[in-house]
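Asks: Before we start, here is the structure in question, set down as structure tokens.
The values are calculated or read from the model by the stated rules, or taken from the named source; none is laboratory data. Nothing here was measured: the structure is a model prediction, and the numbers come from that model. Methodologically, a virtual Cβ is constructed for each residue, glycine included, from the backbone with ideal geometry; neighbour enumeration extends over all protein chains shown. The accessibility values were calculated without ligands, DNA or RNA, using every heavy atom of the protein model including side chains. Shrake-Rupley method; radii C 1.70, N 1.55, O 1.52, S 1.80 Å.
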Amino acid sequence: MTTEPAFCSVRELGKLLRSGEVTAVGLARYFLARLEEVGRPLNAVAAVTPQRAMDEAALADAELARGLDRGPLHGIPYGLKDIIAAPGAPTTWGAAPFRDQVLGCESTVGERLRNAGAVLLGKLATVELAGGMGYEHPDASLTGPALNPWDTSTWAGGSSSGPAAATAAGAVPFSIGSDTSGSIMMPSAWTGITGLRPTYGRVSRAGAMTLSWSVDRLGPMCRNADDCGLVLEAIAGPDPRDPSSLTEPYRYSGRAARRDHFRIGVVAGSFDGVQDEIRANFESAVASFAEIGTVDEVALPDFPYTEVADVIVAAEISAAFDDFLDSGGAAELAAGKASYYRLAASALPARDYIRAQRIRRHIVAALDELARPFDALVAPMLGIVATPVAESFTGPLGVAYPQRVNLASVTTGMPTVSVPSGLGRGGLPTAVQLLGARLTENALLDAACALEAGTGWAAQHPPAFIALAKAGCGG
Amino acid sequence: MSQMQGGTGQASEADVAALATALIMQSHGAVVAEADVNELERAVLALVKATRVLRRYPLRNSDEPMTVNGRGPGERT
């Protein structure tokens, strides 16, 4: 192939396929090699599925040859976070107690991506149990700490570490991650990719490990917002296998459906205490929005976001893993002591869990009213750039998050996009989060596409990995 | 079970956490190393503090909880 595909977007790869410059089999071989040569050294790979990849790619080529085109994802390779099942492949949930687990079922996202013609390359690394038991160090994963392609002495973030690192390094064109309290958003921000946490219920979780029934979401982690829209359209929709899935259908409105007249709300106080470079990049992003729309300051209503999220998530995780906790299985985890946070919830009164859910209803109503007049509410995604991989942290990365904005999305199920905003300390990526009212992914993605076009940051990739691609690594 | 509330909420958070930890140890003592009881108690205390904050938030009798699908009974379309 004459075009280097490592950092091509889904649309660009689709053009190469349809022009005949590449084949789906060629792309699958190329990215399987990239996963081995680039992804594994980053600790981003849990398992590859070469036979399935070649079978699906051969089918994609044969279908295109006879005129059957399944759409934008036809023949495009991807990876699944290793909490999502795929037949024939191990699904370890990133945790030593489950290292030999093989689940026979196909996840709904895997099934839908297969129906869209996409090609599964393998499973990508996760923090053990998607971080649900708590963890205080990046190495709390069966595959070790996922390294950040922008600087391999720093962490890729978690818990969707592998999807973020592999996507950022050009080892997969896109990936599917999961998010309970920031696990798509945070690693996307730290590795300079675009991650979408869709509206709660948009994407079926069938086949994925459960942490917190009323909070868990699956979503795309991609090169840009346009790719997120293309992938979301393929995986969204009602599913009898997941009672939480919404009945509303989703169709992506398409890249650059809108270019201007955006209504943006800047969340007051959201950049207090963030690193100077992150604040400067955020202000540049806001200035970019000001050129294509209106920008107003908004205040998040005063709610106990942290406590509501903590109680709901603690109670639900404790319930989802009650047998595991009761059996002492958590002792085998790399972060075994952190699991006491979940054991503690075994003494949580039911009325407090219910109280949190009652307050949550007020939060949902208030945040919807706040967000509905806007295309997006914006804030810095994280307050700091990626931390050294050898560094421990305490608590749920409290220093890293502008917590209130992130937890507003966690508790309400509102959609959020993390969009690269530039480089900060040490040449590491920074990001802006765009938060929208429920079911407004198209407006959010329009705004994200416009921001990406204005800043150009989504087209930037880790220099060392661009050099590797140009040198033919994996070619 | 109301060990985290300490009755009417007048017990100190630390006392409630100590009591709740003792109860957890009765049921789960086999899976908690003796040396780690303090870690467990810290985790319990964090949750006790969170529940105290939630208890200060005013609710009406009719305020209904969110359900797993994000909507209340009868609201599903």
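Asks: So which aspartates and glutamates can residue A:15 reach, going by Cα to Cα under 18 Å and dropping same-chain residues fewer than 8 places off?
Replies: Filter leaves A:4, A:61, A:63, A:69, A:226, A:227.
Asks: Give me the one-decimal nm value for the distance between modelled label points at residue A:272 and residue A:332, 7 Å along each residue's Cα-to-Cβ direction.
Replies: In this crude label model, residue A:272 to residue A:332 measures out at 4.6 nm.
Asks: Still on this structure, please answer the following. Given a 1.4 angstrom probe, I'd like the percentage of the accessible area of chain A that is carbon and sulfur, rounded to a whole number.
Replies: Working: 8160 of 15310 Å².
Of the solvent-accessible surface of chain A, carbon and sulfur hold 53 percent.
Asks: Quote the FRET efficiency, to the nearest 0.05, computed for residue A:290 versus residue A:102 with a Förster distance R0 of 60 Å and r equal to the Cβ-Cβ distance. Please report the intermediate quantities before stating the final value.
Replies: Numbers: r = 52 Å, r/R0 = 0.87.
Calculated transfer efficiency: 0.70.
Asks: Would you mind computing, in nm to one decimal, how far apart the modelled labels at residue A:19 and residue B:56 are, each placed 7 Å from Cα along Cα→Cβ?
Replies: 6.2
Asks: Among A:14-27, A:328-341, how do they line up from the highest to the lowest mean number of other beta-carbon atoms within 10 Å?
Replies: A:328-341, A:14-27
Asks: Can you list, bin by bin at 10 Å, the percent of alpha carbon pairs in region A:313-355, starting at 0?
Replies: 30, 55, 14, 1
Asks: Next up: Hey, what did chain A get for relative contact order, percent, Cα under 8 Å, at least 6 apart? If you can, show how the numbers build up before the last one.
Replies: Details: 1120 pairs, mean separation 87.2, N = 475.
Relative contact order of chain A: 18 percent.
Asks: Just checking the output field for B:60-66: average partner chain Cβ neighbours within 10 Å of each residue's Cβ? Can you show the working numbers first?
Replies: Working: counts 1, 0, 1, 6, 4, 10, 15.
Taking all residues of B:60-66 together, the mean is 5.
Asks: May I ask you to find the residues of region A:176-219 that are shielded by at least 10 Å² of accessible area once the whole protein assembly is considered instead of their isolated chain (probe 1.4 Å)?
Replies: A:200, A:213, A:214
Asks: Please report, ordered by residue number, every helix of chain A (full DSSP H runs) that is 24 Å or longer along its axis going by C-alpha atoms and whose mean Kyte-Doolittle hydropathy reaches -0.5. Could you put the intermediate results ahead of the total?
Replies: Details: long enough: A:350-371 (31 Å, -0.30).
Result, helices passing both filters: A:350-371.
Asks: Nearest 500 deg cm²/dmol is fine: what mean residue ellipticity at 222 nm does chain A get from its DSSP H runs of n ≥ 4 alone, each adding -39,500 (n - 2.57), divided by its residue count?
Replies: Numbers: 15 runs with 167 residues, N = 475.
Helices in chain A give a 222 nm mean residue ellipticity of -10500 deg cm²/dmol.
Asks: If you count, for every residue in B:27-33, the Cβ atoms of partner chains within 10 Å of its Cβ, what is the mean?
Replies: Numbers: counts 4, 7, 0, 3, 10, 7, 3.
Neighbouring Cβ atoms belonging to other protein chains average 5 per residue here.
Asks: Hey, another quick one. Would you mind counting up the charge near residue A:188? Only other residues with Cβ under 14 Å from its Cβ, with Lys and Arg at +1 and Asp and Glu at -1. Intermediate results must be reported in sequence, preceding the final value.
Replies: Values: positive: A:81, A:197, A:217, A:223; negative: A:179, A:227, A:452.
Computed value for this residue: +1.
Asks: Net charge near residue A:76: determine it from the other residues with C-beta under 15 Å of the C-beta of residue A:76, scoring Lys and Arg +1 and Asp and Glu -1.
Replies: Values: positive: A:11, A:15, A:18, A:29, A:34, A:52, A:70, A:112, A:114, A:223; negative: A:12, A:21, A:56, A:61, A:63, A:69, A:226, A:227, A:233.
Net charge in that neighbourhood comes out at +1.
Asks: Please report the antiparallel percentage of DSSP beta bridges with both residues in chain A, rounded to the nearest 5. Numbers along the way, then the final one.
Replies: Working: 30 of 46 bridges.
Close to 65 percent.
Asks: Suppose R0 equals 56 Å. What FRET efficiency, 1/(1 + (r/R0)^6) with r the Cβ-Cβ distance, do residue B:26 and residue A:55 give to the nearest 0.05? Could the numbers behind the result be given before it?
Replies: Numbers: r = 54 Å, r/R0 = 0.96.
Calculated transfer efficiency: 0.55.
Asks: Stokes-Einstein D for region A:263-329 at 25 °C, 0.890 mPa s, Kirkwood Rh over Cα pairs, in µm²/s? Please list the in-between numbers first.
Replies: Details: Rh = 15.5 Å.
D = 159 µm²/s.
Asks: Also, I was wondering about something else. Bin by bin, in steps of 10 Å, what percent of the Cα pairs in the protein assembly as shown do you find, going until the bin that has the longest distance?
Replies: Computed distribution, short to long bins: 4, 19, 30, 27, 14, 4, 1, 0.
Asks: Let me ask something else. With a 1.4 Å probe and all protein chains left in place, how much accessible area per residue does the protein assembly as shown have, in Å²?
Replies: On the way: 19700 Å² over 552 residues.
It amounts to 36 Å² per residue over the protein assembly as shown.
Asks: Also, quick follow-up: With only Lys, Arg, Asp and Glu charged, each at its Cβ (+1 for the first two, -1 for the last two), find how big the charge dipole of region A:189-289 is about the Cα centre; round to the nearest 20 debye.
Replies: Details: 12 positive and 12 negative charges, 62 e Å.
That gives region A:189-289 a dipole magnitude of about 300 debye.
Asks: Expressed in nm to one decimal, what extension gain is obtained for the pair residue A:260 and residue A:63 from 0.36 nm per residue of sequence separation less their Cα-Cα distance?
Replies: That works out to 67.1 nm of additional length.
Asks: When Rg is the radius of gyration of the Cα atoms in region A:359-462 and Rh is its Kirkwood radius, what does Rg/Rh come to?
Replies: Values: Rg = 15.0 Å, Rh = 14.8 Å.
My calculation of the ratio gives 1.01.
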